[in-house]
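The values are calculated or read from the model by the stated rules, or taken from the named source; none is laboratory data. Given the structure is predicted, the values throughout are model-derived calculations rather than measurements. No Cβ is skipped: glycine too gets one built from the backbone with ideal geometry, and neighbour counts run over all protein chains shown. Note: accessible area is taken over every heavy atom of the protein model, side chains too, but ligands, DNA and RNA are not part of it. Shrake-Rupley method; radii C 1.70, N 1.55, O 1.52, S 1.80 Å.
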Amino acid sequence: MQPERRRVLAWAFYDWANSAYATVVLAGFFPLFFKQYWASDLATTESTFWLGAANSSSSLLIVLLAPLLGAAADRADARKRYLFRFALLGIVATATLWFVGAGAWGAAAALFALATVGFMGANVFYDALLMQVAAPDERDRVSALGFALGYLGGGILFAGCVALVLMPQSFGLPDAGMAVRLSFLLTAVWWAAFSIPLLRSLHETPARLPLLPAVRAGARELVQTVRHLRQHRNAGLFLLAYWLYIDGVDTVVRMAVDYGMSIGFDSNDLIVALLIVQFVGFPATLVFGRLAAPLGARGGIFIALAVYAGTTVWASMMSAEWEFYGLAVIIGLVQGGVQALSRSFFSRLVPADRAGEFFGFYNMMGKFAAIIGPLLIGAVGWLSGSPRVGILSLLLLFGSGALLLARVRVPRS
């Protein structure tokens, strides 16, 4: 195999590796196990609040650190080293969840927050490495390869872990609780093992700058990017709109299982529903892009946001398990589409000679979403005493994002 192709495959397989955390832990079993096992002594609304706080705090920490560290990694030529430092944090924290005993919800929430910081932080440098492993005319194809392997790898491990949880005795496990704890350990091993190809195949030169000078240089670069955004009002306005509505989208992913359990649904039904989203999402993204073409990218985004708003209202009133399955299918149909169309719409707003600089900011906003939403759901649900009122608070994110998006003006040329 040619060295270039080997580097591409090694890079793409990191998506296969870390998507296991996104599916098995972040969206799937941690919210379930947190409420049933670690925080079983807390009121439903209180456990939802602390889960939302863990999600929001990890996202906020990345917002504060990653722009500086990302620019510093560019200056020091140390993207791979920074990636594996964050990944190691995520892997170790995920594996350590195996040892947390019942009732220790504080330790579980802290480890979950650290693992999520590792996951999101590593992704910042993973995205940046695309420019190092693929030529400009191949980046779309290589990026799509990583996306596809992520869906497939995360889905395969998640399906296996779901089988463990639904049929623990068939695998020699005493109960479903042990199966969930084993799933955390398997996720850490999967993440670590499939990261090895990238570690071995991609070589970096020794750091050009020590850490502190690199951070200072990165800070100057970040200030320059902000200045450019101020000169391009529509691009900045879109980024604000994107942060709001994509925060709502990511919150649905992170809090869906917790919400379903809060209103009394069986945990097995919720996990199967998440599995449906995983496998519906990838092909539906391609179909959604074609259906939205006659309306333009912004029209397609509006359709997706309207669907999210409608499903939020439906979710606040649903009472039967089949409704959760129906919502899973609907979310799977638009989840990838809103991401894809947001990227293509943003490409029309930025100057071609600064595309890399502006898309770096765009990727930052997407990666650092889910700060407001989880905390909003938790706080509103706790204060009102009803998780159904809490989920309705997401309408603020979808609505405000849509209103700002409507104000963006697309250049004619």
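Just one of the listed residues (Gly373, Gly332, Gly381, Gly360) is of a type in the set (Gly, Ala, Ser), assigned to a helix (DSSP H, G or I) and modelled with pLDDT under 75, namely Gly360.
Among the conditions (1) part of a helix (DSSP H, G or I); (2) open to solvent by 40 Å² or more (accessible area, probe 1.4 Å), the only one that Pro174 does not satisfy is (1).
When you look at Leu42, is it surrounded by 24 or more Cβ atoms within 10 Å (Cβ to Cβ) and at pLDDT 80 or above, yes or no? Even if it seems obvious, please write down each step before you answer.
Details: surrounded by 24 or more Cβ atoms within 10 Å (Cβ to Cβ): no; at pLDDT 80 or above: yes.
When the stated conditions are applied, Leu42 does not pass them.
Only one of the numbered conditions (1) at pLDDT 80 or above; (2) outside any helix (DSSP H, G or I); (3) open to solvent by 30 Å² or more (accessible area, probe 1.4 Å) is violated by Ala406, and that is (2). Here Ala22 fulfils each of the conditions (1) closer than 13 Å to Phe194 by Cβ; (2) of a type in the set (A, V, I, L, M); (3) open to solvent by 10 Å² or more (accessible area, probe 1.4 Å) apart from (1). Residues in the range 231-254 that are touching a helix residue (DSSP H, G or I) at 6+ places or on another chain (Cβ under 7 Å) and modelled with pLDDT under 75 were compared, and the one that is surrounded by the most Cβ atoms within 10 Å (Cβ to Cβ) is Arg254. Hey, among the residues in the range 186-200 that are at pLDDT 90 or above and open to solvent by 60 Å² or more (accessible area, probe 1.4 Å), which one's farthest from Ile271 (Cα to Cα)? Applying the filter and picking the extreme gives Ile196.
In this structure, Glu4 does satisfy being at pLDDT below 80, surrounded by fewer than 24 Cβ atoms within 10 Å (Cβ to Cβ) and on the phi < 0 side of the Ramachandran plot.
Looking at the range 66-87, which of its residues are part of a helix (DSSP H, G or I), at pLDDT below 75 and not basic (Lys, Arg)?
So the first thing to find is which residues in the range 66-87 are part of a helix (DSSP H, G or I), and the list is 66-76, 79-87.
Subset that is at pLDDT below 75: 66-76.
Within the range 66-87, Ala66, Pro67, Leu68, Leu69, Gly70, Ala71, Ala72, Ala73, Asp74, Ala76 qualify.
For beta carbons closer than 8 Å, sequence separation of 6+ or different chains, a first residue in the range 307-318 that is without any contact (Cβ under 8 Å) to a residue 12 or more places away in the chain and a second that is of a type in the set (Val, Ile, Thr) and open to solvent by less than 30 Å² (accessible area, probe 1.4 Å), there are no qualifying pairs.
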